[in-house]
1. Would you mind counting up the charge near V111? Only other residues with Cβ under 15 Å from its Cβ, with Lys and Arg at +1 and Asp and Glu at -1.
2. Give me the percent of accessible area attributable to carbon and sulfur for the stretch 73-137, probe 1.4 angstrom.
3. What accessible area per residue comes out for the chain, rounded to a whole number of Å², with a 1.4 Å probe?
4. Take peptides 122-130, 142-150 and line them up by average Cβ neighbours within 10 Å, highest first, as a rough protection proxy.
5. With contacts defined as alpha carbon pairs under 8 Å and 6 or more residues apart, what's the relative contact order of the chain in percent?
6. Just add up the charged neighbours of S83: K/R +1, D/E -1, any other residue whose Cβ is under 15 Å from the Cβ of S83.
7. For a quick check of understanding: with a 1.4 angstrom probe and all protein chains in place, what accessible area in square angstrom does E75 have, to the nearest ten?
8. Work out the length of the dipole vector of the stretch 75-160 about its Cα centre, built from +1 on the beta-carbon of each Lys and Arg and -1 on the beta-carbon of each Asp and Glu, and round it to the nearest 20 debye.
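The values are calculated or read from the model by the stated rules, or taken from the named source; none is laboratory data. Here the structure is a predicted model, which is why all the values come from computation and not from measurement. Please note: Cβ atoms are built from the backbone with ideal geometry, for glycine as well, and neighbour counts cover all protein chains shown. Note: accessible area is taken over every heavy atom of the protein model, side chains too, but ligands, DNA and RNA are not part of it. Shrake-Rupley method; radii C 1.70, N 1.55, O 1.52, S 1.80 Å.
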Amino acid sequence: GSWNQINAPGLGTALVWTMEGLPIDQLLVYSGIKDGEDLIANTVGGGGGGAAPATPPMTRFRAGMRPDEIVGAFEGMFTRDGSAFVLAKLEPWAFAGGKGFRFEYTFTRKVDGAQLRGLGYGVVDCDTLFAMVYMAPRLTFFPRHQARVEQMASSAKLKI
């Protein structure tokens, strides 16, 4: 199969791709979040629905953020509806031709209790964040497309 890009209003700052359909899997591609811009991608069925908390978590990118702070911003985006995010691993990683980072996480959607696994990559270049984040149900769909996502991440290049 091939990836399908979703172009719908309200999806936010990421380009959203899927193999199985938005409630099943999502690949979010951030092609340049500048200092002060928000990460909110309004992901469908994964942390994007439901009412926002009274005090929204930090989801804004700031130049100079450390990788753990950037992952914290993604966590804030995914959990603003009460879903649960657990960081499993964060490590330095070459991404898009730069010294970036890679992270793995688990995610439980509040809306339906689905348990997902996720994988993300990021790099900050010229005070701009470039990132790719994938999530899918942990038992079947995540392993089905994980190698393909990892291949895309290893071949990503920046054109500035």
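1. It works out to a net charge of +1.
2. 53
3. In whole numbers, the chain has 49 Å² accessible per residue.
4. So the order, starting with the most tightly packed, is 122-130, 142-150.
5. 20
6. Its environment carries a net charge of +2.
7. Approximately 70 Å² of E75 is accessible to the 1.4 Å probe.
8. Rounded to the nearest 20 debye, it is 240 debye.
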